[in-house]
Structure formats: structure tokens, C-alpha cells
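Visitor: First, the structure itself, so that you have it in front of you.
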Amino acid sequence: MELNALRQFLVVARLEHLSRAADELRVAQPSLSRTIARLEGELGTPLFDRSSRLRLNDAGKLFRAYVERALGELQAGQLAVAEATTAGLGTVRLASETFLTLTGPLAVYKRDHPAVELELQWSPAEDMARRLRARDVDLCVASQPIHAEGVAGVRLFEDAVGVAVPRDHPLAGRAPVGLHELAEYPFVTARAGHWLRRLLDQLFATRGLAPRIVCESDEHSAIADLIGAGLGIGLVPSFARRKNPRTPLVWVPVDSPDCRRTVTLCWAADGHLSTAAQLMRATITDWDWSNDQASNNF
């Protein structure tokens, strides 16, 4: 089996769509189809169901796990050799759902290890286990624990999530406020896939409600400005209000024990971590996450 064929298989397995996979891989779709067919011929079984649309079948899911581990080990080997044969510490690749949380430890790490190259990549939590097993990244920071085979992790801190409102908003003087009352107001939030949006959808869905979303933004720094402009209200973690004390908003606690996040650092349990990644893990886990206090004003 060719390594390139295995890498292409992983992209098709992730997207479950040949044309989109071909676009991402920058290959012709007929060529990609032949590659997958050849791979299935070598294995002696289909890896995808092709009835209505392309779907990874049970054999494909089984094979994908082995391919991720195999290619991940090759990647780890390349990094280990590079580390052993160069004078510097190399590169550390960190994926996270948000980097606002990590600015403190990242600054300290870069100050203490200026020769290390940092690669910071945004990633949704649902992709993190796959990326760690494939050694696509060294470390991940997720807003909830990742329960997946081959992934180890440590809890960094728990963070209450409240609702941000303008200072003249009817909810500004409330503490706490219930979700049924929040359902009456329009929301400004992140796009689907971001942890903040997943939390908002889950909180409302468990109560048979749906949030009234009037604005979705990929620019998370703009969410506070849009709320301040009176377009709506929005969920904001306590950590963010400590980072932006001058923002003209009020942070109101939500009357739900589920309205919080558990920030977790994760890595591949059975993989080689470079010296640079080990130092990054130590910097993040040893960081004092509990030293910030704030009032209800941003």
C-alpha cells in the first residue's frame, strides 16, 4: 500500500465526499476514485457504502483507526529524527478552540524558548482526537474533556459561562438569570462548530428551547462589540471578561450548572512527544489558572 493512498483515504473518510476530498487534496476526482478502489481491492472489501451518498462503513472505520496510528507513528519518527539531528528544539504544534485562554503561557513559553517555532492552529473539538492520533498536532486545548481512545489529558481549569449584556439592558441587574428568560432575547454568537455555539445549542435543547440567533461571527472579538451595540446578548466565559475589563458590558451568571466549560489539555497517549512539545505541556499545566478575579463588569 502506498503512503499517499493511505493519506488520501483519510481525507475521503473524514469528508465522506469525493469531490470535496479531491479539491482539498488538489487531485482529479477520477484519479482519487481509482486510488480508493485500488485500496479496497488490496483489502478485499469495500470501505465505503455508496447507496445514496458516500459513507464510511464498519470496515472503513476499523481500517481508518489503524491508518491514523500508522501514519502518526511515521510522523512521530520523522520529528524524532529531526530533533535528534538538529541543535534547536524544533517545532511544537498546538491546536485549540480559542487562543485567548492561552496568551499568558504562550508568551512565557516563547520568552523561555525563543528558538522553538510555534504552530498555532484553530480546531473544533470533534477533530482533535483524530488529529492527535494522526500526529497532525502535538497538543490540543479543548473546552471540554476529550473521551477518545488513544488520547490522554489533564484538566486545566473550570470556567463559568455567563451571558453578556449592555449595561442598560433589563438583565444587567439580575444574578442569576434562567434560560427560559434568556430565550426571549436575540443572541449574538459564534458559528456552528465553535464550543460556545455548541454550549448555547445544548443548553437550550435540553429544555426544549431554541435560541433566537440574529448574528453569527467568526470574529469572536467582534461578538462583544455587537452585543454592546445592542444587537443582542451572548454567552461569554468568565475568563474572557477578565481579559477585557474595559468592555462596556455586564456579565450575568446563568442559573444552570451546565453553563460552564472544563478546559483540558490533550495529547496522544501512546505517541512520542518532542522536547519542544513536552516543554509546552509543562508550561501550560504548571500555569496558575486561578489567579484572576473580576467583578460583574467586563
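Bear in mind these aren't lab numbers, they're just calculated from the coordinates by the rules spelled out. Predicted model, so just to flag it, every value in this text is computed and none were measured. Note: ideal-geometry Cβ built from the backbone for every residue, glycine included; neighbour counts use all protein chains shown.
Visitor: Output ³J(HN,Hα) for segment 41-47: one whole-Hz value per residue in order, computed from phi by the Karplus curve 6.51 cos²θ - 1.76 cosθ + 1.60 with θ = phi - 60°, and x for Gly and Pro.
Guide: So the Karplus estimates, Gly and Pro as x, are x, 5, 7, x, 7, x, 9 Hz.
Visitor: So, one more: If we count GluC sites (Glu not before Pro) as exposed when they sit in a DSSP loop and have at most 12 other beta carbons within 10 Å, what is the longest stretch of the chain that avoids them all?
Guide: The answer is 3-148.
Visitor: Determine ³J(HN,Hα), in whole Hz, for all residues of segment 116-129 in sequence, where each value follows from phi through the Karplus function 6.51 cos²θ - 1.76 cosθ + 1.60 and θ = phi - 60°; x replaces Gly and Pro.
Guide: With the stated coefficients, segment 116-129 comes to 7, 8, 9, 10, 9, 10, 6, 8, x, 4, 5, 8, 5, 4 Hz.
Visitor: What is the order of C266, C140, fewest Cβ neighbours within 10 Å to most?
Guide: Fewest-to-most ranking of C266, C140: C266, C140.
Visitor: Moving on. Could you work out the relative contact order of the chain? I mean the mean sequence separation of Cα pairs under 8 Å and 6+ apart, divided by the number of residues, in percent. Let's see the in-between values first.
Guide: Working: 474 pairs, mean separation 64.1, N = 298.
That works out to 22 percent.
Visitor: Oh, and also: Could you list V250, V165 in order of exposure, starting from the residue whose Cβ has the fewest other Cβ atoms within 10 Å?
Guide: Ordered by Cβ neighbours within 10 Å, fewest first: V250, V165.
Visitor: So if we plug the beta-carbon distance of A59 and A28 into 1/(1 + (r/R0)^6) with R0 = 41 Å, what FRET efficiency do we get, rounded to 0.05? Walk me through the numbers on the way to the answer.
Guide: Values: r = 26 Å, r/R0 = 0.63.
Between A59 and A28 the formula returns 0.95.
Visitor: Any chance you could check the Cα centroid distance between segment 103-132 and segment 176-235 for me, in angstrom?
Guide: Rounded to whole Å, the Cα centres lie 27 Å apart.
Visitor: Name the long-range amide H neighbours of S217: under 5 Å, sequence gap of 5 or more, or other chain; modelled H, no Pro or chain starts.
Guide: Under 5 Å from the amide H of S217 lie the amide H atoms of T189, A190, R191, each far enough along the sequence or on another chain.
Visitor: While we're looking at this one, here's another question. Which residue fluctuates the most in the chain, going by a Gaussian network model with Cα springs under 10 Å, if the choices are V254, V137, V81?
Guide: Its mean-square fluctuation being the largest, the pick is V81.
Visitor: For a quick check: with amide H placed at 1.01 Å from N, whose amide H comes under 5 Å from V236's, ignoring anything fewer than 5 positions away on the same chain?
Guide: G162, V163, A164
Visitor: Find me the longest stretch of the chain that has none of the exposed trypsin sites (Lys or Arg not before Pro), where exposed means in a DSSP loop (not H, G, I, E or B) with at most 13 other Cβ atoms within 10 Å.
Guide: Formally, the longest exposed-site-free interval is 54-166.
Visitor: Put a dot 7 Å past each Cα toward the Cβ at S19 and D225; how far apart are the dots in nm?
Guide: 3.7 nm
Visitor: Pop a pseudo-label 7 angstrom from the Cα along the beta-carbon direction at both T45 and E184 and give the gap in nm to one decimal.
Guide: A separation of 5.8 nm, rounded to one decimal place.
Visitor: D49's amide H: which non-local residues (gap 5+, or another chain) put their own amide H closer than 5 Å, with H modeled 1.01 Å from N in plane and none for Pro or chain starts?
Guide: R55, L56, N57
Visitor: Let me ask something else about it. Relative to the longest principal Cα axis of the chain, at what angle does helix 3-15 sit, 0 to 90 degrees, rounded to 10?
Guide: 40 degrees
Visitor: Hey, with R₀ at 25 Å, roughly what FRET efficiency would A107 and R191 work out to, going by the Cβ-Cβ distance, to 0.05? Working shown, then result.
Guide: Working: r = 28 Å, r/R0 = 1.11.
Efficiency, from the Cβ-Cβ distance: 0.35.
Visitor: To continue, here is another question. What is the extension gain from L209 to S52, computed as 0.36 nm multiplied by their sequence separation minus the C-alpha to C-alpha distance, in nm to one decimal?
Guide: Here the segment from L209 to S52 would lengthen by 53.3 nm.
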